[in-house]
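Okay, so here's the structure we're looking at.
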Amino acid sequence: MKLEIKKVGTLALLAITLASCSPSNPPLPLPPPSACNTVGTDFQNLYAATLASNALYDNYLTMDLVTHEYTFTVSTNKTVCTLGYQGNATLFASSIPYTMEIYNNTTSTMVYSGNIVFNSASTDYQPITPTPLVAGNSYTIRRNANNYLGNIGNTIGRICRKNAGPNQYPATNGVLTITASNFYGSGGPVPNYGIPCIDIVFQ
């Protein structure tokens, strides 16, 4: 009997000791990262609103220049998680990527650069290394068709263009404001001719 009491006492002491080593309030698990939602993005809404704002705006496949870019700001800190673009059919069939870049004009720093093959059937969304953006800084996003297989027509891309005069900037939707655009390489530059349809998706 004394042996059983001793065993029970020892087990109770061990349980108390183990409990005292465990934190009383274990840390909560970290929430999952925000989804990278490619539906109803700020860019999509800005592009659609610009097209609808004036009968002189239209959606074109044009600008046979290597680099299509626009300059923008965000009103709150954001992280870019995905880029959307509709590639050229010939380049896609040959698995030739575009070089995509995000450049911080405020700090003169390249914050993202990567080679991405985009499907030509429609806007194709491809994830990138999460890239933080600082509110108020000026950024430029570029689509470079460096390897166009010797046919300058393969550099053409989709843009929102005003039929008379340059596009009117700034254009804003949500946290995104586009302040300028440019097209160059193998010709140009052609500033503010239209908004290249490069969707930038935030977490």
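M63 exposes around 20 Å² of accessible area when a 1.4 Å probe is run over every protein chain in place.
For segment 38-185, what class follows from the C-alpha gyration tensor (a ≥ b ≥ c being the square roots of its eigenvalues): rounded when a/c is under 1.5, otherwise prolate if a/b is larger than b/c, else oblate? Note, shape of segment 38-185 comes out oblate.
Rolling a 1.4 Å sphere over the protein heavy atoms, what is the accessible area per residue of segment 64-203, to the nearest Å²?
Averaged over the residues of segment 64-203, the accessible area is 40 Å².
Proximity of backbone amide H atoms, modeled 1.01 Å from N, is registered between T79 and L133, Q203 at under 5 Å, excluding neighbours fewer than 5 places apart on the same chain. Between segment 42-87 and segment 138-203, the alpha-carbon centres lie 7 Å apart. A compact globular protein would have a Cα radius of gyration near 2.2 N^0.38 Å; the ratio found for segment 93-175 is 1.29. Split the accessible area of segment 104-178 by element, probe 1.4 Å, and carbon with sulfur accounts for 49%.
Is the shape of segment 100-144 rounded, prolate or oblate, going by the alpha carbon gyration tensor and its root eigenvalues a ≥ b ≥ c, with a/c under 1.5 for rounded and a/b larger than b/c for prolate?
Details: a/c = 2.40, a/b = 2.24, b/c = 1.07.
Prolate.
Given axes a ≥ b ≥ c from the Cα gyration tensor, I'd like to know whether segment 152-192 is rounded (a/c under 1.5), prolate (a/b larger than b/c) or oblate. Numbers along the way, then the final one.
Details: a/c = 2.09, a/b = 1.82, b/c = 1.15.
Cα axes put segment 152-192 in the prolate bin.
The values are calculated or read from the model by the stated rules, or taken from the named source; none is laboratory data. What you see is a predicted model; the values in this text were computed from it and never measured. Ligands, DNA and RNA are excluded from the accessible area calculation, which covers all protein heavy atoms including side chains. Shrake-Rupley method; radii C 1.70, N 1.55, O 1.52, S 1.80 Å.
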